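Presented below is the structure to which this report refers.
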Amino acid sequence: MSRLLDVRGLPPCEPLERTLAALDELAPGDELEVLIHREPHPLYAILAERGYLWRAATEPAPDGSTQYRILISLAE
Amino acid sequence: MQMISTDASPPPLLSFAYMLAGVAGMAVAAALLLWQPEALLTRWHPAALATVHVFALGGLMPVMLGALFQFVPVACGLSLPRWGWGDVALLLFLEGGAASLATGFLTAAPGLYGAAGVLLLGALGAAGWRLLRALRAQARQADVVGALSRSAVALGVTLLLAAVLLGILLFGWDLPLLTLVDWHALWAIGGWVAGLITGVASVVVPMFHVSPAYPKFWLRALRLQHWLLGGGLLAALLGWAGAGGAVSMLLAALLLGFGGLTVQRVVVSKRGEKDAFYWGWLMVGVLAIILALVAVPACWAADPRWGVAFGVLALPGLGGFTVSVMLYRIVPFLIWLHWQRANKARARLPLLHHIVPELGQRIHLGIELGSIVLLALGAFMPQMVSVAAALLLAAKLLQFGLLAHAMRDFRQRLAVLRALPPRSRVAA
């Protein structure tokens, strides 16, 4: 099962807080897709420490800036 | 995509030690002014030179370096390598060097100038080199990384000019002292301090106020800052007496732009809370505008008191006040982030804006702003300087208390979080 979490436009630390809360509910085989308006460097460190796998890609945002789409899953 | 662990950078407790030492350094500078209020009569007064260097090197500098230890990994995705005890030595060299230099100005003892030169040029040269080297690791530099790189270069030029000034004082080198002092101050304030503030603000203001990014044309215009300073210094050394005034006016125009754009971004903030952070950043923008306007008489009016007022509005004003406002976001954010990283049990954590009490922030920032206004007026009304210095001292002591309390909570809660068992994961 895949879930989209859109945290664009939220002030720190809400994007990280909401992402971690969503990760608490992530079951093996599930994927969490996070859409965010800036590159979340601190999130990457936490994901690595807690054994998650992730892929990040950039894409143009509607306002012309860059947004990030991060696909997170549990390591096998 | 780049994955940087903040573990590779100096730890948060080290950053906090730098920040507290810096706030204490600014309190010492205020105490120095309280002791010798006549310092504001002229920029050449020994107590003025001592106070300025204690505030800048023993106050602003450690806070800025401590903040960069964490800002570079979190905001730029780059790592400043840990130096272990070298980082502690760097702070001690910095504070020791600032104290030696200030005592040297007050006593005119050549030995103290020499000691200060060795400590400060060594510590800041090493710190600037590490910052520049870390930032250059990013092949396609983001705007903020470019701004920080240019600030590090400005720090290098400031140090170079400081070394030449020490050569004049210690060895009697036959060089134009007054011109070099002016350019040393211009590179320090217009290059390093203003470059760092505008660069960090380009990330912090839109991110924390949830407001539009600074325009691209503006970020490109900021790149002119160092070309202006470099060209101006060269022209001055070749004998153009008007170079300092011309470059100061162009830098003031950039500052005016920064002030206007910052006020605009804060006013349209989507965050909705009119808290200390909101009013603090609004005042940073207003201070930048006032400073840019005061630069005109400071450069062209015959009355030297405008120059003193400009120095006050630049150093404890824009520099000191911006640092104060940023500390109330950087410290709680780092505390929250490092708690979160240790929180494998997923225990409930305090909200970000509860980590340093809002009322305390408001009282501190209000007193500090009042002291800056009185200090600037003190350039024209010397009887106000003692009251202003006392207020600045009170503000810095209150800020020290607020931050130290938050940092003690950080250590205590971190120990608890690390002891909790990790939360079990959801089953498939």
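The values are calculated or read from the model by the stated rules, or taken from the named source; none is laboratory data. Note that this is a predicted model, so its numbers are computed, not measured. Ideal geometry is used to build each Cβ from the backbone, glycine not excepted, and the neighbour counts take in all protein chains shown.
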> Can we say residue B:144 is among the hydrophobic types (A, V, I, L, M, F, W, C), out of contact with any Leu (no Cβ under 7 Å at 6 or more places or on another chain), within 14 Å of chain A (Cβ to nearest Cβ) and buried (at least 17 other Cβ atoms within 10 Å of the Cβ)?
Replying inline: yes
>> Quick test of your reading of the structure: residue B:80 fulfils all but one of (1) over 30 Å from residue B:382 (Cα atoms); (2) of a type outside the set (Ser, Thr, Tyr); (3) at pLDDT 95 or above. Name the failing condition by number.
In response: (3)
>> Return the residues of segment B:92-124 that are of a type in the set (Val, Ile, Thr) and more than 18 Å from residue B:28 (Cβ to Cβ); say none if nothing qualifies.
In response: B:118
> Given the residues A:69, A:3, A:8, A:55, which is the only one that is closer than 23 Å to residue B:269 by Cβ and modelled with pLDDT of 90 or more?
Replying inline: A:8
>> Go through segment B:255-272 and report how many residues are more than 18 Å from residue B:203 (Cβ to Cβ) and touching a residue at least 12 places away in the same chain (Cβ under 8 Å).
In response: 4
> Pairs under 6 Å by beta carbon, first residue loosely packed, with under 15 Cβ neighbours inside 10 Å in segment B:75-87, partner part of a loop (DSSP other than H, G, I, E, B), six or more apart or different chains?
Replying inline: B:82/B:10
>> Against the condition under 22 Å from residue A:40 (Cβ atoms), touching a residue at least 24 places away in the same chain (Cβ under 8 Å), of a type outside the set (Lys, Arg) and crowded, with 19+ Cβ neighbours inside 10 Å, how does residue B:209 come out, does it pass?
In response: yes
> Given B:379, B:347, B:295, which one is modelled with pLDDT under 95 and out of contact with any strand residue (DSSP E or B) (no Cβ under 7 Å at 6 or more places or on another chain)?
Replying inline: B:347
> Just checking, which of B:235, B:246 is without any contact (Cβ under 8 Å) to a residue 12 or more places away in the chain and surrounded by 14 or more Cβ atoms within 10 Å (Cβ to Cβ)?
Replying inline: B:235
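Any idea which of B:172, B:195, B:167 is under 16 Å from residue B:228 (Cα atoms) and more than 14 Å from chain A (Cβ to nearest Cβ)?
Working: B:172 fails: under 16 Å from residue B:228 (Cα atoms); B:167 fails: under 16 Å from residue B:228 (Cα atoms).
After applying the criteria, what remains is B:195.
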>> Could you check segment B:412-426 and list, in sequence order, the residues that are away from chain A (no Cβ under 14 Å), surrounded by 12 or more Cβ atoms within 10 Å (Cβ to Cβ) and either outside any loop (DSSP other than H, G, I, E, B) or at pLDDT 95 or above (or both)?
In response: B:413, B:414, B:416
>> Taking the condition of being surrounded by fewer than 21 Cβ atoms within 10 Å (Cβ to Cβ) and out of contact with any Phe, Trp or Tyr (no Cβ under 6 Å at 6 or more places or on another chain), how many residues in segment B:33-67 meet it?
In response: 11
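Results for (1) in contact (Cβ under 8 Å) with a residue 12 or more places away in the chain; (2) more than 14 Å from chain A (Cβ to nearest Cβ); (3) of a type in the set (Gly, Ala, Ser), shown as yes or no for each residue.
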{"position": "B:305", "(1), (2), (3)": "yes, yes, no"}
{"position": "B:320", "(1), (2), (3)": "yes, yes, yes"}
{"position": "B:328", "(1), (2), (3)": "yes, no, no"}
{"position": "B:336", "(1), (2), (3)": "yes, no, no"}
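For residue B:17, indicate whether it is at pLDDT 95 or above, in a helix (DSSP H, G or I) and within 16 Å of residue B:327 (Cβ to Cβ).
Criteria met by residue B:17.
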> Pick from B:296, B:284, B:373, B:308: which is of a type in the set (Val, Ile, Thr), more than 30 Å from residue B:72 (Cβ to Cβ) and buried (at least 23 other Cβ atoms within 10 Å of the Cβ)?
Replying inline: B:308
>> Suppose we filter B:399, B:383 for residues that are surrounded by 13 or more Cβ atoms within 10 Å (Cβ to Cβ) and either in a helix (DSSP H, G or I) or among the β-branched types (Val, Ile, Thr) (or both); which single one remains?
In response: B:399
> Looking at residue B:361, is it within 14 Å of chain A (Cβ to nearest Cβ) and part of a helix (DSSP H, G or I)?
Replying inline: no
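Does residue B:107 qualify as being at pLDDT below 90 and of a type outside the set (A, V, I, L, M, F, W, C)? Write out each step before concluding.
Values: at pLDDT below 90: no; of a type outside the set (A, V, I, L, M, F, W, C): yes.
Against the criterion (at pLDDT below 90 and of a type outside the set (A, V, I, L, M, F, W, C)), residue B:107 does not qualify.
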> Which residue pairs have Cβ atoms closer than 6 Å, lie 6 or more positions apart in sequence or on different chains, and pair a first residue in segment B:352-373 that is under 16 Å from residue B:281 (Cα atoms) with a second residue that is outside any loop (DSSP other than H, G, I, E, B) and aromatic (Phe, Trp, Tyr)?
Replying inline: B:361/B:328
